[in-house]
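The values are calculated or read from the model by the stated rules, or taken from the named source; none is laboratory data. Remember, it's a predicted structure, so these values are computed and weren't measured experimentally. Reconstructed Cβ throughout: ideal geometry from the backbone, glycine too, with neighbour counts over all protein chains shown. Side chains included, ligands, DNA and RNA excluded: accessible areas come from the protein's heavy atoms. Shrake-Rupley method; radii C 1.70, N 1.55, O 1.52, S 1.80 Å.
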Amino acid sequence: MLDVSQPAGDLLLDDSDDALILISAGIGITPVAAMVDDLARRRPDRPVHLFHVDREPETHALVSDVRDRAQRLNDVRTLTWYTGGAAEGSAVRSGRMDLADIELPPTARVFLCGPLPFMQAIRSALTARGIAPERIEYEVFGPDLWARQPRSGAA
C-alpha cells in the first residue's frame, strides 16, 4: 500500500523587478529549475543569483537543463557546491554551501528549497547578512514542519 497526496507547493515567482536569489539543495532544484525556465522565457533581464549544493556532479539532478536555461538570462550569477568534492572553478566549490563571501543584493527576493536543516541554516545566514525575513520564501519537500505560524511548544 502506498500513501500519497495531491501535489502541493508554496513557491510562486513574483513579477517584480527585484533581483532573485534562488537557493537549492539536492532534489530541491526541481522548483528552481521551473523558475529558471520561466525566467528564460518571460523575464530574461531580471537579475538572478543561482546557488545550489549537491553531493557530487554525477548525482546533480537537472544540471544540464538549468545550465542551458540560465545561459539565456542576461544577468545571472551561478555557483554550485559539491559536498563530496569536485574540481573547483569560478562557478564550482567543494564542501557545504557558504554564502559568507558572496555579494548579495539586500533587497532581493529569495527562494529556498531543500532539506529543512539546510534551509534553516541558509535562512539564518541570509538574515545575518541583512536580508529581511519577509523577503525569504521556502518550500519543504515533505511535511512542512517549519513553523510559519509558530504554536506554543513548537520546535
Unit charges on C-beta of K, R, D, E only; dipole of the chain, Debye: 180
For Glu137, what residues show an amide H to amide H distance below 5 Å, using hydrogens built from the backbone and excluding near sequence neighbours? Val110, Phe111, Leu112
Measure off, as a whole percent, the carbon and sulfur share of the 1.4 Å-probe accessible area of the chain, all protein chains present. 50
Radius of gyration and Dmax for the chain's Cα atoms, expressed in Å? 15.6, 48
For region 23-40 and region 42-119, what is the separation of their Cα centres, given in Å? 9
Whose amide H sits under 5 Å from the amide H of Arg77, counting only residues 5 or more places off or on another chain, with H placed in the peptide plane? Val48, His49, Leu50
Contour excess over end-to-end distance, with Cα ends at Leu2 and Asp65 and 0.36 nm allotted per residue: 19.6 nm
Surface per residue (accessible, 1.4 Å probe) for the chain, Å²: 59
